[in-house]
Structures are given as C-alpha cells and as structure tokens.
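All remarks here apply to the structure that follows.
Just so it is clear, none of the values below were taken in a lab; they were calculated from the coordinates. As the structure is a prediction and not an experimental result, all values here were calculated from the model. Note: ideal-geometry Cβ built from the backbone for every residue, glycine included; neighbour counts use all protein chains shown.
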Amino acid sequence: MCIAVFYGRVITGGSNFTVTVDPPGSNQYWMTTSIHEYRGIVAASPADQSLSATGTGASVSPGSMPTTTNANNLIFTAFTHNASTNIEANPGTGFRMKTYYTDGTNEPLYTQDRIVSSTGDYAGTLVFASSIGWRGVVVALKGS
C-alpha cells in the first residue's frame with residue numbers, strides 16, 4: 001500500500017498535454033492515478049507543508065501539518081486502503097471529494113481538497129464506512 005502526490009509547476013492547462021506514469025523497476029504493481037488541474041498556485045516553490053501517515057480506523061487523518069507559511073493555500077489530501085472490497089468514504093469537514101475510486105479489485109484512491117485563507121496547522125481527514133488499514137498524505141500548495 002503506497003501513496004504519493006506529485007505536482008507540476010508552470011504548466012499550461014487544458015487538454016493539449018500528456019501525462020505519462022511509468023513506475024520504475026521490472027515488478028510493475030497495480031497503480032491508480034488521478035490528475036487534477038488547479039490555477040492560482042504560485043510558480044516558484046509552491047509546496048508549503050506536507051505530512052503523511054498510516055494507520056487503522058474509520059475516521060482517518062495523517063495528522064496536522066506544521067503551520068503553513070502562506071495564508072492562501074490549497075489543502076490537498078490523498079488516501080488509499082488495504083481492504084480487498086469496495087469501501088464507501090465521505091470527505092472530511094470542509095473538504096470536497098475529487099476522486100472516489102474503489103472497486104474491490106484495483107488500488108483504491110480518494111482525493112479531496114479545500115481552500116484556506118489563513119495560516120494554520122491543517123489536517124486532512126476522511127471517514128471510511130468501516131475500520132480498515134489506510135495510508136494518507138496531506139499537502140498545502142501556496143495560492144497566489
């Protein structure tokens with residue numbers, strides 16, 4: 001069970017570009033990828049803070065990030081779980097669900113975001129329908 005968030009900066013959005021995902025090594029694992037496009041993120045050093053964690057439970061969170069340095073941020077979270085079944089989930093308070101992919105056979109992925117307008121030690125939360133093993137990451141990207 002693995003999860004990662006990658007971002008590109010100074011990219012012209014829309015439908016005129018290609019994203020290629022090529023896992024390293026000869027042992028290719030099942031992988032679920034979700035691509036999100038945002039505008040209004042600063043071009044230079046957009047990552048403000050991040051945090052990742054694993055655990056077991058139904059109401060899950062990687063915890064609170066260190067205090068953000070930028071007031072206007074996009075808080076983005078991604079979660080996966082290790083259950084071999086379809087698990088329902090709801091976004092955490094203040095978050096909008098962006099990706100909801102769980103079918104019981106491939107790698108599940110849930111992403112969500114929210115915009116904040118003050119510095120703080122923000123946490124990403126997600127509520128699963130049952131207690132399961134999970135891995136999550138929360139990232140704050142600086143808004144302009």
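In segment 29-44, which residues are out of contact with any Lys or Arg (no Cβ under 7 Å at 6 or more places or on another chain) and either farther than 20 Å from residue 117 by Cβ or in a strand (DSSP E or B) (or both)? Hits for segment 29-44 are 29, 30, 31, 32, 33, 34, 35, 37, 44. Scan segment 71-129 for residues that are among the polar types (S, T, N, Q) and within 17 Å of the chain's Cα centre (by Cα) and the total you get is 11. Before we move on, is residue 62 of a type outside the set (D, E, K, R) and more than 28 Å from residue 43 (Cβ to Cβ)? It is false that residue 62 is of a type outside the set (D, E, K, R) and more than 28 Å from residue 43 (Cβ to Cβ).
Listed by position, the strands (runs of 3 or more DSSP E) enclosed by segment 63-133 that each have at least 2 residues that are in contact (Cβ under 8 Å) with a residue 40 or more places away in the chain are 73-81, 96-101, 109-116. Determine, yes or no, whether residue 116 is among the hydrophobic types (A, V, I, L, M, F, W, C) and over 17 Å from residue 3 (Cα atoms). The answer is yes for residue 116. None of 86, 106 is over 17 Å from residue 137 (Cα atoms) and touching a Phe, Trp or Tyr at 6+ places or on another chain (Cβ under 6 Å) except 106.
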